[in-house]
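Take a look at the structure set out below.
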Amino acid sequence: KALVPQAISRAQGKAVLQMLGLWPGVEAWAETLEGEARIKAHIALYDTNEWRRDSPTVTEAAQTMGISPEQLDEMYIQAAAIML
């Protein structure tokens, strides 16, 4: 089994989410948040250079969308293989 990368680029993450049809759900999740949580989610989605696998924001988004830790690991492996 491939090693799970500790981080992927935001572009790789967005690409895998788009390919899996999950990007609209992630954006909708971010819109449900309030205050500091919303600010952090928006910065993570639109401004960061990388998405860390151990990020609380990534973990919360995945849990909210029903993505298991194993599925999230697989998504990180898939995303890391995407060359843009």
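Of the listed residues MET19, MET75, the order by accessible area with a 1.4 Å probe, largest first, is MET19, MET75. Each Lys and Arg contributes +1 and each Asp and Glu -1, all at the Cβ; summed about the Cα centre of segment 8-84, the dipole is approximately 180 debye.
What percent do you get for the relative contact order of the chain when only Cα pairs under 8 Å and 6+ apart count? Spell out each step's value before the answer.
Numbers: 71 pairs, mean separation 43.6, N = 84.
Relative contact order of the chain: 52 percent.
Only protein heavy atoms count here; under a 1.4 Å probe, SER9 has an accessible surface of about 40 Å².
Among the GluC sites (Glu not before Pro) in segment 8-84, those located in a DSSP loop and surrounded by at most 16 other Cβ atoms within 10 Å of their own Cβ are GLU34. Coupling constants for segment 48-55 follow from the phi torsions by the Karplus curve (6.51 cos²θ - 1.76 cosθ + 1.60, θ = phi - 60°), and in residue order they are 6, 8, 9, 10, 7, 5, 8, 5 Hz; glycine and proline get x.
For the chain, what does -39500 (n - 2.57) per DSSP helix run (n ≥ 4), summed and divided by total residues, give at 222 nm, in deg cm²/dmol to the nearest 500? Could you put the intermediate results ahead of the total?
Values: 5 runs with 53 residues, N = 84.
After summing the helix terms and dividing by the residues of the chain, the value is -19000 deg cm²/dmol.
Averaging 1/r over every pair of different alpha carbons in the chain and inverting the result gives a Kirkwood radius of 12.8 Å. Ordering ASN49, THR59, VAL4 by the projection of their Cα atoms onto the charge dipole of segment 2-84, which places +1 on the Cβ of Lys and Arg and -1 on the Cβ of Asp and Glu, puts ASN49 at the extreme positive end.
The values are calculated or read from the model by the stated rules, or taken from the named source; none is laboratory data. All values reported here derive from a predicted model rather than from experimental measurement. Note that we place each Cβ from the backbone using ideal geometry, even for glycine, and neighbour counts take in every protein chain shown. We work out accessible area using only protein heavy atoms, side chains counted, and drop any ligands, DNA or RNA first. Shrake-Rupley method; radii C 1.70, N 1.55, O 1.52, S 1.80 Å.
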